[in-house]
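The values are calculated or read from the model by the stated rules, or taken from the named source; none is laboratory data. In this text, all values refer to a predicted model and were calculated from it rather than measured experimentally. All Cβ positions, glycine included, derive from the backbone under ideal geometry; neighbour counts span all protein chains shown.
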């Protein structure tokens, strides 16, 4: 696709979905071959010279694939890139991004794959509004292969889908050393409401206590925000035990079991900042072991943990 010149004597060449990160190439009309040469040099320039160079497959998937991968109905294969033991496949799909993710999760879990922990560039608790990394990671076994799926809705265009199939057992996100218990296996990732800006403000812990803090800017009221995060905790198999609202604070208490079957208690707090309209402070906390405090109690100190 060619867009009008952005500078005098220049043309802009562009292919793909702008919002999904496709490059814009600037040059003269006769520079199309040079643009391809530049792209190929950039693709190969960072690749170790002692390994096989990357291969680009236009309009097709690698053959044969080491595992069977389904394609959503009507998916169109834009092409693939092979780099070492990783294959990146790009699809255009007419279905919304979340439907694509549900498709791969449902189909591959039914075929014996397992979903990896929260190894998606964020490690449990409140996530930043900006999205980085894959939306979904699936494992064929403790050493892989692994498949990461990233789906991006694009206004007025098909959903941009990136599949990264990794058969390198040395760098598999499915390997045991990635799966030691930590905040990512205790606290689920919590994403902000649509249109809100969420910024993590620290977290962590160790052993039997983990926490995550964040700030949120949203036009929603206190009750709607508390309900938004409660819905995500229920989806993560947390069981509600109580809830309440007092002035600018909404709270809820929870119970859940971790992967080893250990019992945990959870607390969620949403504090509306009285001095700043539409500004909130968020705290999520999980503890296991003996409950040393009175049942159902909470302290404002938790909001600054």
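General observations
- Of all residues making up segment 207-241, the number that are in a helix (DSSP H, G or I) and touching a residue at least 60 places away in the same chain (Cβ under 8 Å): 0
- Only one entry in 294, 200 is modelled with pLDDT under 95 and not in a strand (DSSP E or B), namely 294.
- Counted residues, segment 242-272 - those being out of contact with any helix residue (DSSP H, G or I) (no Cβ under 9 Å at 6 or more places or on another chain) and without any contact (Cβ under 8 Å) to a residue 24 or more places away in the chain: 6
- Hey, residue 242 modelled with pLDDT of 85 or more, surrounded by fewer than 13 Cβ atoms within 10 Å (Cβ to Cβ), in contact with a strand residue (DSSP E or B) (Cβ under 7 Å, 6 or more places away or on another chain) and not assigned by TED's automatic domain parsing to the domain that holds residue 73 or not: yes
- Residue ranges of strands (runs of 3 or more DSSP E) in segment 100-181 with at least 3 members at pLDDT below 90 and in contact with a helix residue (DSSP H, G or I) (Cβ under 6 Å, 6 or more places away or on another chain): 146-154
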